[in-house]
1. So which of LEU204, LEU252, LEU226 ends up being without any contact (Cβ under 8 Å) to a residue 60 or more places away in the chain, under 21 Å from the mean Cα position of the chain (by Cα) and either not in a loop (DSSP other than H, G, I, E, B) or not assigned by TED's automatic domain parsing to the domain that holds LYS70 (or both)?
2. With the condition kept exactly as written, say whether any residue in segment 42-51 is among the hydroxyl-bearing types (Ser, Thr, Tyr), assigned by TED's automatic domain parsing to the domain that holds SER291 and assigned to a helix (DSSP H, G or I).
3. So which residues in segment 104-119 are charged (D, E, K, R) and in contact (Cβ under 8 Å) with a residue 60 or more places away in the chain?
4. List pairs: first residue in segment 71-83 and over 9 Å from LYS40 (Cα atoms), second residue of a type in the set (D, E, K, R) and buried (at least 23 other Cβ atoms within 10 Å of the Cβ) anywhere in the structure, Cβ distance under 6 angstrom, at least six positions apart or on different chains.
5. Within segment 147-162, does at least one residue satisfy the condition of being among the small types (Gly, Ala, Ser), touching a strand residue (DSSP E or B) at 6+ places or on another chain (Cβ under 9 Å), in contact (Cβ under 8 Å) with a residue 12 or more places away in the chain and buried (at least 19 other Cβ atoms within 10 Å of the Cβ)?
Amino acid sequence: MRRFKEMKVIYGMIIVVFTLCTFVNAQGARDRESERQTIKVMTYNLKFASPTFKPAWSVRRDWQVDLINKYGPDIIGTQEGLKEQVDFLMDQLTEYVVIGEGRKGGDDDEHMAIFFRRDRFRLREMGSFQLSETPEVLGSGPGNNPRIVTWARLAIINRPADGETSPYPMNYRGHWENTQEFYVFNTHFFTRGRDLAKLNSAKLIMERINAFNRFGEWTKDRPVFLMGDFNARPGGEVYRTFVGDEDSDDPLLLKDSVEGGRGIDWILYKGNVTVLHYEKVDYNVDGVYPSDHKPVFVEFQILDK
């Protein structure tokens, strides 16, 4: 009888251990899936390689690489970078792919570049358009300092962790159901004195973003992230064109990643997304900053419906 009781205790302990292991494994799988759906985004005006700006680009470029490596964003939208600057960052940040061109087309002038991690995302589609009456004509707009938008459609790579099964069976159809895609837009607005141009630029970008809205419920939600240096303040007409005001209920509007807005460098978004962390990065070396802008860093999570 005593032996029987001992065996019951042993079996009970085995069942408890098995249940705990199953729970831990399931929780670990959920955590890994959550990590795969988390996206860290940074917008950063690099400050173009001006011969009069101090410190010189040859000094501050290494600081920018160090800054980016410390925060490890998955996606970076940069503004003002000349080809030399974008190429340097591309060479140093080998884990990223970079897309984008100059605001006059090709290598000319300042670039609106998008960097994204090659091990996390696949590029599905990309393009540029000008902030002008003729958006498809690169370099159009004012003769001095025209403005451009770079955009991309990215897909999260579904790479199963060790011990996990692939979401794609050997003989599958409907594989798009396992693919989470999203859009990224990066821009740099006109400076002060061109309020009408900035307002119409905001309207044009909203038109382009809304053209990518899903057609029906059978299409998976594709979140949108819009980042850049907008040379406008929260609460103004440009800002309200993107996010509305406290009385707005338009589902097509974007949201700001920090309540009420902050500064002129923004990361806006829409879709089935929540903000986990917002930070205006105060990176400096002995009180000296690598740009005249501080990067904005936001961690998002794409939610399951």
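1. Exactly one of LEU204, LEU252, LEU226 is without any contact (Cβ under 8 Å) to a residue 60 or more places away in the chain, under 21 Å from the mean Cα position of the chain (by Cα) and either not in a loop (DSSP other than H, G, I, E, B) or not assigned by TED's automatic domain parsing to the domain that holds LYS70 (or both), namely LEU226.
2. no
3. Taking segment 104-119 first, the residues charged (D, E, K, R) are 104, 107-110, 117-119.
Once the filter is applied, which keeps residues that are charged (D, E, K, R) and in contact (Cβ under 8 Å) with a residue 60 or more places away in the chain, segment 104-119 yields only GLU110.
4. GLN79/ASP229; GLU80/GLU110
5. yes
Conditions (1) more than 20 Å from the chain's Cα centre (by Cα); (2) surrounded by fewer than 19 Cβ atoms within 10 Å (Cβ to Cβ); (3) farther than 15 Å from ILE205 by Cα, marked per residue:
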site	(1), (2), (3)
THR241	yes, no, no
ILE267	no, no, no
PRO290	yes, no, yes
PRO295	no, no, yes
VAL298	no, no, yes
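The values are calculated or read from the model by the stated rules, or taken from the named source; none is laboratory data. All figures in this text were calculated on a predicted structure; none of them were measured in a lab. Reconstructed Cβ throughout: ideal geometry from the backbone, glycine too, with neighbour counts over all protein chains shown.
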